[in-house]
Amino acid sequence: MASSSNTGKKIQADSTDDDYTEVEDEGEEDEEDLEHFDDFTLASSWERFISEIEAVCRLWMSDGPKNLLVKGAVLLDDYGNLYKMTSETKYAMKSYSMEYYFETNSAVDAGKPANWNFDLHDLQLCFGVKEFLVIAPQSASGVVLDAPEASKLLSAVAIALSNCSSLWPAFVPVHDPSRKAYIGIQSMGTVFTRRFEADRIGSQVPIKLMHLEGLYELFVSKFAYSTLDLSVHNFKVRIAMKLTFRTLPFDEDYMKDFDAKMTKSRENLSGETSNGTQWDDDCSWSEWYSAEDPVKDFELTATWSEKMVESSMEMAELENASPHEAEKWSISSRLESSKESRIGFASQLHLLVDALQMSFEAQFIEDFVSAAENPGSDNLRSSLVIPSPTVRDRVLKELFIEGVKFSDFSDGGYKTSRAVKGAPLESLFAQFCLHSLWFGNCNIRAISVLWIEFVREVRWCWEESQPLPRMPPNGSIDLSTCLINQKLHMIAICLERKCQLTEDFQDCIGSVDHIDSMSEEESVVGDDLLNTQTPSENFSGKVDRNPEDADVSDDTKSSDFTRRGSAGIVDSMMLLKSHQSMHAPYTQEPPLMTEDMHEERMQAVEAFGDSFNFSAQLEKDILTSDMSAFKAANPDAIFEDFIRWHSPGDWEADDDPESSGSASSNALDINKSKDSWPPRGRLSKRMSDHGNLWRNIWNSSPALPASEQKPLLDPNREGEKVLHYLETLQPHQLLEQMVSTAFRAAADTISQTSYGELNQMETKIQQLYPTMASALRPLQVNRLSADSETIEDIRRLCVVFERVEKLLTVAASLHRKLIRAPRLSREIFSDYYNFYIPTMGTDLTDEVVEKEFDKKQEVRDNEREVLSNMFVPPTANQSWRKVLSMGNLLNGHEPILREIIFSLHDKVSGNHYAARCGSVSQQDIETYRMYICGTSNDLRVALSVASCD
């Protein structure tokens, strides 16, 4: 059996020699290919997990910070120069996120918590690290709730970092997220390893740990023998402390106490004191609305630099120290969120633009008033809310209050506000527009009701001959304003003229009408009640010849005539025929014209041709008045004399070759030239043409002084025209002018707010007016429609206005609260401006990025008293305040946050953990570090310990 078996095996072997030879050749080739192959099929999932972490860490280490920025590292906005890289990995059916935090700067002190850098990440501040690694599960909580899992996860990261020879500290979040608990580990590159642990007590903090003595003993207990009495033994420990105080909310009670304290401590630098309870009572917009204070409160941070303490007694003394003893003060302001809805001019301007869009749905303003009975339009019925008649009467009473005179419009607002074709701020129509913004919900029907009553009040003033309030009764009409304002100015002037004519008529009853003659030596000033003026450009009171000569000339050549209405002698000008001095007459003011009247005249000129005679026909009344006055003042004058005085450009003087050749002349030559009479010259071609209309008017004009002429302006006729315009104004024409005026008046109002020397705010307001002028210019064309793109442009303008208005309220609030520390006000606003402007956007959407403003400013020594006064001692009715349980009080206020850093440094050579290695035997390392943060009801502790494992 054995023999046969061996034989069979031999035969089988012989039959397969060739096959074995081929297999051996292939095996040799496979061994060469798989010589460096790592067989992971035998590795556990734990080992593969470590390998994946190691691979990611090696990749990040090889790339370095600069390449990581190219590969998509994310900048953390709230932490200055800190970036984050993220990677995902899996282990045991769970997904984990690895986050590597690093800084791009290579400063030695970067990340050191003793500097109390406000841009530090939470883990940087807690453990004093610079760059670090965080691994956490991808779950809703984002923390590891199981202790064994946390330890295993941290061990995996530690092994991976050790394989990479990395010194990065690694952290794992544990427990409940509200505890902000972490465990961590770091290889220090020597025989030492640093371990980290952090946890938080959210309530029922032991009384001992509310005070610095207990916190000091807590830290000492981590390295001292447990049998020692810590209160009697001294341990040299380094300590740095930072206290944060917060002012009480700026409510009514606080503002009363704050104003009282500021008034008592010093006189208001602006010379004004506010007795109101609202923070903005002294701001320009307070007449229209009360804005919510954008500055919620201030946070003051007092910092003590690192110092050495040896006993609990020193900690007790430090707890009783005043915050004024701190080496450094910093302040930050907590401002309202940019997404919070706020009431102001901008919100009402939005509603006014909606009313403008709706105004195209009706032809007459009365149609909107009767919209409740008219079932035609759903939009009209949806905006029928109007205030009660009592509110309407109160608004009209404020608009037409007796005794209110107009102010100088040129003094109000910015000079650039004239670029917006509206009405001046203090004018009647501007006040109407501002009241309309707050009348009801500024819908089209409420505006229509108020406008109809407004026009009725204007008519009542006209019919009762009462002066129109808030409008100047004289002067020229400003064509740069809106047409409604021009019309109201016109009717105010007509009212004044109407009253003057009535008074003159009454004075003339029963009296003898006589005219005083005036000799050439007398210069009689006309009646002030007649609106006359002196042509000051061509008039000079000096006489160009001796008084004796004037007497002889007047007696011999003008004895049969009476000179009337002379304003004085025109210097160096004489009449051509009589050789008498020319007198400048008093003339009537040219008739006032509004913009639409000028346009009608220009259209007439374009229709009939721009001929000289046609222009003269349009000006016939003015020419007749001026010629009559000139004839009355110069009885011997001829047409050429009038042209030399009224239109010198139409008198062409002949050139004198003799005088042109001489380089100089003396007084004798001047007298000779005067004696050569008449002067050599002639009328221009257009004045000398046959049938010239000017000459015809001259021939037909009587010699009447301005005081006896018919007024060029008929106040009754022009006043009725204005009323007709106001009563028949179409809705969209009214709303177009209201929108422009409301924007201008609102901008002029807020620009009067006192905000100190804030250059950015000044520039922003100056830029607002050109922006408004550009966006509102299409309203002047009067070619809008309900679906016009201009409506959307104006809505964008409302957004721009809203953001400027918000900046202004912040500036005003900071200025008011920090009026004695103007530098701080400027610096805080500058930081907020640079923070807010990039997030403003350019369209109707909200801000691009929503983040909290928390920039801090260092407080100088001379500014500490100002900030200290802001912490008004708490009153009895502020029952929400906690019972005082911490030291370091500031005017009775305990800190809302106390942060302390304890640290202990040891020499490696004197430590029982030291290795027997000369390279590290003299190192001074931080063996213990504890960061403590909290209040009497909240305590967080972070401990790091360096040990030799």
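The values are calculated or read from the model by the stated rules, or taken from the named source; none is laboratory data. All of these numbers come straight from a predicted model, not from anything done at the bench. Cβ atoms come from the backbone with ideal geometry, glycine included; neighbour counts cover every protein chain shown. These area figures cover heavy atoms from the full protein model, side chains too; ligands, DNA and RNA do not enter into them. Shrake-Rupley method; radii C 1.70, N 1.55, O 1.52, S 1.80 Å.
Among the residues making up the range 898-940, those that are among the charged types (D, E, K, R), open to solvent by 40 Å² or more (accessible area, probe 1.4 Å) and at pLDDT 85 or above are Glu926, Asp938. Taking residues in the range 306-323 that are closer than 18 Å to Leu209 by Cβ, and partners anywhere that are open to solvent by 70 Å² or more (accessible area, probe 1.4 Å) and part of a helix (DSSP H, G or I), the pairs with Cβ atoms closer than 8 Å and at least 6 places apart or on different chains are Ser312/Glu213; Met315/Glu213; Ala316/Glu213; Glu319/Glu213. Filter the range 300-334 down to the residues that are part of a strand (DSSP E or B) and open to solvent by less than 30 Å² (accessible area, probe 1.4 Å) and list them by number. Answer for the range 300-334, where residues must be part of a strand (DSSP E or B) and open to solvent by less than 30 Å² (accessible area, probe 1.4 Å): Leu300, Thr301, Ala302, Thr303, Trp304, Val309, Trp329, Ser330, Ile331, Ser332, Ser333. All of (1) modelled with pLDDT under 85; (2) over 49 Å from the mean Cα position of the chain (by Cα) hold for Met602 with one exception: (2).
Scanning the range 145-183 for residues that are without any contact (Cβ under 8 Å) to a residue 12 or more places away in the chain, of a type in the set (Asp, Glu) and surrounded by fewer than 16 Cβ atoms within 10 Å (Cβ to Cβ) yields a total of 1. Residues in the range 71-94 that are of a type in the set (S, T, N, Q), open to solvent by 40 Å² or more (accessible area, probe 1.4 Å) and assigned to a strand (DSSP E or B): Thr86 only. When Asn613 is tested against (1) in contact with a Leu (Cβ under 6 Å, 6 or more places away or on another chain); (2) open to solvent by less than 30 Å² (accessible area, probe 1.4 Å); (3) modelled with pLDDT under 80, exactly one condition is not met: (2).
The criterion of being in a loop (DSSP other than H, G, I, E, B), open to solvent by 80 Å² or more (accessible area, probe 1.4 Å) and either at pLDDT 70 or above or closer than 30 Å to Lys180 by Cα (or both) does not hold for Lys851.
Checking each residue in the range 117-157 for being among the aromatic types (Phe, Trp, Tyr) and assigned to a helix (DSSP H, G or I) picks out only Phe127. Residue pairs whose Cβ atoms lie under 8 Å apart, separated by 6 or more positions or on different chains, with the first residue in the range 351-373 and closer than 22 Å to Arg456 by Cβ and of a type in the set (D, E, K, R) and the second open to solvent by 10 Å² or more (accessible area, probe 1.4 Å) and modelled with pLDDT under 90, are Asp367/Asn374. The residue that is most open to solvent (accessible area, probe 1.4 Å), among those in the range 272-299 that are at pLDDT 90 or above and among the aromatic types (Phe, Trp, Tyr), is Trp288. For the range 186-208, the candidate set comprises residues that are closer than 20 Å to Tyr928 by Cβ and small (Gly, Ala, Ser); within that set, the residue that is modelled with the highest pLDDT is Ala198.
Of the listed requirements (1) surrounded by fewer than 12 Cβ atoms within 10 Å (Cβ to Cβ); (2) at pLDDT 90 or above, Ala629 misses just one: (1). Annotation note: of Arg823, Arg803, the sole residue that is open to solvent by 20 Å² or more (accessible area, probe 1.4 Å), among the basic types (Lys, Arg) and within 26 Å of Glu336 (Cβ to Cβ) is Arg823.
Considering (1) open to solvent by 10 Å² or more (accessible area, probe 1.4 Å); (2) farther than 30 Å from Ile791 by Cβ; (3) not in a loop (DSSP other than H, G, I, E, B), the lone condition that Gln357 does not fulfil carries the number (2). Residues that are more than 53 Å from the chain's Cα centre (by Cα) and hydrophobic (A, V, I, L, M, F, W, C) occur in the range 185-196; there is at least one. Does the range 456-479 contain any residue that is among the basic types (Lys, Arg) and closer than 23 Å to Leu351 by Cα? The answer is no; no qualifying residue exists. Within the range 377-394, the set of residues being at pLDDT below 80, open to solvent by less than 50 Å² (accessible area, probe 1.4 Å) and of a type outside the set (Ser, Thr, Tyr) comprises Leu380, Leu384.
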